[in-house]
Amino acid sequence: MVGDRELAARYDYGAEAYDELYGQEQVEKYEVGLRLLPPRGRVIDVGCGTGLLLEYMASTGLLSDVEELVCVDISGSMLSLASRRISALCPGRCTAVIANAEALPFRDAVFDVAYSFSVVNLLEYPAAAVAEIARVSRSSLVTLVPRVSDYRPGGWRRAGMAGKDEAYVRP
């Protein structure tokens, strides 16, 4: 695992190439994950990267069930790309926030649904991130790359595979 600065720098460096390298893989995870826990009301995407989840929800009509979407990432470069998608796809209803998944700057249970795809297994303190995601939402879904992390969120239901990731849901 790596610290915040190193992780942010790594994703700042690769931001421009992210969609090309990982876009299809992420879409496969979204297809499964959003069937397990459909978006509704106020939604947060923790580790939003370039805003691919926002784009997926818009392209599939799922964004219409979302009152507000907050896109959170630790990388300023990734958030810059996500902000472009926000401006194009849902200005006024979507926002970008730079923050650490292990210390989210939101009140308890302020979101109806939280998503975090392929993020917590990259963090120095995955349990803290999962606790924060649970704290700020009424229901949550996280995915983990099993070969990368031995961490599994205790008390969450393993809901199957989403691409190469294990999906966990806290209804």
Quick one: in the range 23-102, what % of C-alpha pairs are over 19 Å apart? 29
Show the residues, 5+ positions off or on another chain, whose built amide H is closer than 5 Å to the amide H of LEU69. VAL43, CYS94, THR95
Taking θ = phi - 60°, what integer Hz values does the Karplus form 6.51 cos²θ - 1.76 cosθ + 1.60 yield along the range 129-139, in sequence order, with x for Gly and Pro? 5, 4, 5, 5, 4, 5, 5, 8, 10, 7, 8
Under the helix-only model (-39500 (n - 2.57) for each DSSP H run of 4 or more, divided by the residues of the chain), the mean residue ellipticity at 222 nm, to 500 deg cm²/dmol, is -13000 deg cm²/dmol
With no solvent and one equal point scatterer per Cα, compute the Debye intensity ratio I(q)/I(0) for the chain at 0.19, 0.20 Å⁻¹ and report its log10, rounded to two decimals. -1.32, -1.51
I need the calculated FRET efficiency for the pair ALA99 and MET161, taking r as the beta carbon distance and R₀ as 30 Å, to the nearest 0.05. 0.60
Among DSSP bridges having both ends in the chain, what percentage is antiparallel? Round to the nearest 5. 30
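FYI, it's all coordinate maths here, none of it is from the lab. On a predicted model such as this, the values are computed, not experimentally measured, just so you know. Positions of Cβ are backbone-derived with ideal geometry, glycine not excepted, and every protein chain shown enters the neighbour counts.
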